[in-house]
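A quick write-up on the structure given underneath.
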Amino acid sequence: MTNKAPLIDQFARRISYLRLSVTDRCDLRCAYCMPERQVFLPKSEVLTLDEMHDLALGFIDRGITKLRLTGGEPLVRRDVIDLIQALGRKVGDGLDELTLTTNGTRLAEFADRLAAFGVRRINVSLDTLDRDRFAKLARRDSLPQVLEGIAAAKAAGLKVKLNTVALKGENEDEIPDLIAWAHGQGHDLTLIEVMPLGEVEEDRFDHYLPLSVVQEKLEQRWTLTPSGHRTGGPARYFDVAETGGRIGLITPLTNNFCDGCNRIRVTATGQLYACLGGNEQVDLRGALRSADPETAIAEALDVAMKIKPARHHFAIDRPGSAPALARHMSMTGG
Ligand code: SAM
Ligand code: SF4
């Protein structure tokens, strides 16, 4: 793409952060994320790693300075480390940050190379420290691997942030212990409200836990002070005096954070979603595979900037309500 115009949407928001899902596949089956029998995409529909690389370089030309690889589970995609190595060369040369969100199961294998290839920080999802609970929530008995992965990441010098989905009746009672453990290990932790994305077996209403409730309980135990820390993302941060660590709260349902949105998402099939909570999309795979990819992609991105909505409209307000969107979080990677 020789077009170097910055990406600015219809509400004058400058888009500088791309989340690229490198695969919809995953080695876990977190019950709130996807059904046990999730049907994954045929390979032919998924962009090749070369296509993802070209696309990412094009986005960097258009002013994307932060790139997060996600999934599904990014580290289960074969040869993904080659893509990371190639994109790592852009860190300091267009990219301020290359990072990923992972479930941690394969981190022990990849941590050293991630650090060597320019990744400085990663997000690791961890909803419980209890092995049986993990096996129930993720439907795979993988907690030991994940903890090994987190330790390997720390040893490799990667800054780890933990992400925890707050789930009523599942890990609600454990949240303070998780935070204390994370802070003891030197990791920040961000809590996330469960979002109504894609059909799963259970009713998300049963497990939806507003973080306002969690925050109140945490404040009975600890002193939380609003932190000046900003990432340009949706989290609000608090310093915890007693642990010396920081927590983030992502509250898509109780608090709207769309005004300052700087991000877009691209799925493994090359669909650009302008909003995590909307269906506005453009097809970059078609553009990439067209006779004149450069022009087609530039045109698609112009459309994306025009259709990015002002805000999302999530709600989990009554039992049995249908998901706000048919697609699962594993399509867009959160
Ligand atoms: N597999 C990787 C992982 O788990 O970190 C990356 C993809 S996963 C879809 C990204 C994040 O989305 C994880 O932290 C996960 O807990 C979260 N997530 C998945 N489904 C969700 C939902 N319905 N509501 C809120 N968060 C969700
Ligand atoms: Fe896989 Fe991440 Fe979804 Fe869990 S949250 S099933 S690890 S994609």
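Apart from one condition, residue 100 fits all of (1) on the phi > 0 side of the Ramachandran plot; (2) within 14 Å of ligand 2 (Cβ to nearest atom); the exception is (1). Residue pairs whose Cβ atoms lie under 7 Å apart, separated by 6 or more positions or on different chains, with the first residue in the range 158-186 and more than 23 Å from residue 136 (Cα to Cα) and the second assigned to a loop (DSSP other than H, G, I, E, B) and of a type in the set (Lys, Arg), are 158/120; 159/120. I'd like to check something: does the range 289-306 contain any residue that is among the hydroxyl-bearing types (Ser, Thr, Tyr) and part of a helix (DSSP H, G or I)? Yes, the range 289-306 has at least one match.
With the checklist (1) touching a Ser or Thr at 6+ places or on another chain (Cβ under 8 Å); (2) without any contact (Cβ under 8 Å) to a residue 60 or more places away in the chain; (3) over 18 Å from residue 233 (Cβ atoms); (4) small (Gly, Ala, Ser) in hand, flag the one item residue 115 doesn't pass. It fails just one condition, (1). Close contacts from the range 255-268, counting a first residue that is surrounded by 22 or more Cβ atoms within 10 Å (Cβ to Cβ) and a second that is modelled with pLDDT under 80 and not in a loop (DSSP other than H, G, I, E, B), with Cβ to Cβ under 8 Å and a gap of 6+ residues or different chains, come to 265/332; 267/331; 267/332; 268/331. For the range 190-209, a tally of residues being touching a strand residue (DSSP E or B) at 6+ places or on another chain (Cβ under 6 Å), within 16 Å of ligand 2 (Cβ to nearest atom) and more than 15 Å from residue 330 (Cβ to Cβ) returns 3.
Listed here are the residues, each with its yes/no results for (1) touching a residue at least 24 places away in the same chain (Cβ under 8 Å); (2) more than 16 Å from residue 54 (Cα to Cα); (3) in contact with a Gly (Cβ under 8 Å, 6 or more places away or on another chain).
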| position | (1), (2), (3) |
| --- | --- |
| 276 | yes, yes, yes |
| 282 | yes, yes, no |
| 291 | no, no, no |
| 297 | yes, no, yes |
| 306 | yes, yes, no |
| 310 | yes, yes, no |
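Give the residue that is farthest from residue 176 (Cα to Cα), with candidates limited to residues of the range 90-128 that are surrounded by fewer than 19 Cβ atoms within 10 Å (Cβ to Cβ) and among the hydrophobic types (A, V, I, L, M, F, W, C). Within the range 90-128, the match that is farthest from residue 176 (Cα to Cα) is 91.
For the range 1-27, filtered to residues that are outside any strand (DSSP E or B) and β-branched (Val, Ile, Thr), the residue that is modelled with the lowest pLDDT is 2. Quick check on the range 33-53. Is at least one of its residues away from ligand 2 (no atom under 13 Å from the Cβ), assigned to a helix (DSSP H, G or I), surrounded by 19 or more Cβ atoms within 10 Å (Cβ to Cβ) and at pLDDT 95 or above? Among the residues of the range 33-53, at least one is away from ligand 2 (no atom under 13 Å from the Cβ), assigned to a helix (DSSP H, G or I), surrounded by 19 or more Cβ atoms within 10 Å (Cβ to Cβ) and at pLDDT 95 or above, which makes the answer yes.
The rows are residues; the columns are (1) in contact (Cβ under 8 Å) with a residue 12 or more places away in the chain; (2) touching a helix residue (DSSP H, G or I) at 6+ places or on another chain (Cβ under 6 Å); (3) β-branched (Val, Ile, Thr); (4) within 30 Å of residue 170 (Cα to Cα).
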{"site": "32", "(1), (2), (3), (4)": "yes, no, no, yes"}
{"site": "44", "(1), (2), (3), (4)": "no, no, no, no"}
{"site": "50", "(1), (2), (3), (4)": "no, no, no, no"}
{"site": "61", "(1), (2), (3), (4)": "yes, no, no, no"}
{"site": "69", "(1), (2), (3), (4)": "yes, no, no, yes"}
{"site": "72", "(1), (2), (3), (4)": "yes, yes, no, yes"}
{"site": "82", "(1), (2), (3), (4)": "yes, no, no, no"}
{"site": "88", "(1), (2), (3), (4)": "yes, no, no, no"}
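Exactly one residue out of 22, 39 is more than 16 Å from the chain's Cα centre (by Cα), farther than 16 Å from residue 263 by Cα and of a type in the set (Val, Ile, Thr), and it is 39. If the condition is being within 16 Å of ligand 1 (Cβ to nearest atom) and in a loop (DSSP other than H, G, I, E, B), then the range 111-132 contributes 119, 126, 127, 128, 129.
On inspection, residue 68 qualifies as within 16 Å of ligand 2 (Cβ to nearest atom), within 30 Å of residue 13 (Cα to Cα) and not hydroxyl-bearing (Ser, Thr, Tyr).
Collect the residues in the range 160-199 that are on the phi > 0 side of the Ramachandran plot and either acidic (Asp, Glu) or over 20 Å from the mean Cα position of the chain (by Cα) (or both), keeping them in residue-number order. Listed by number, the residues that qualify are 169, 186.
The values are calculated or read from the model by the stated rules, or taken from the named source; none is laboratory data. Being a predicted model, the structure only gives us computed values, none of them experimental. Note that each Cβ is placed from the backbone with ideal geometry, even for glycine, and that neighbours are counted across all protein chains shown.
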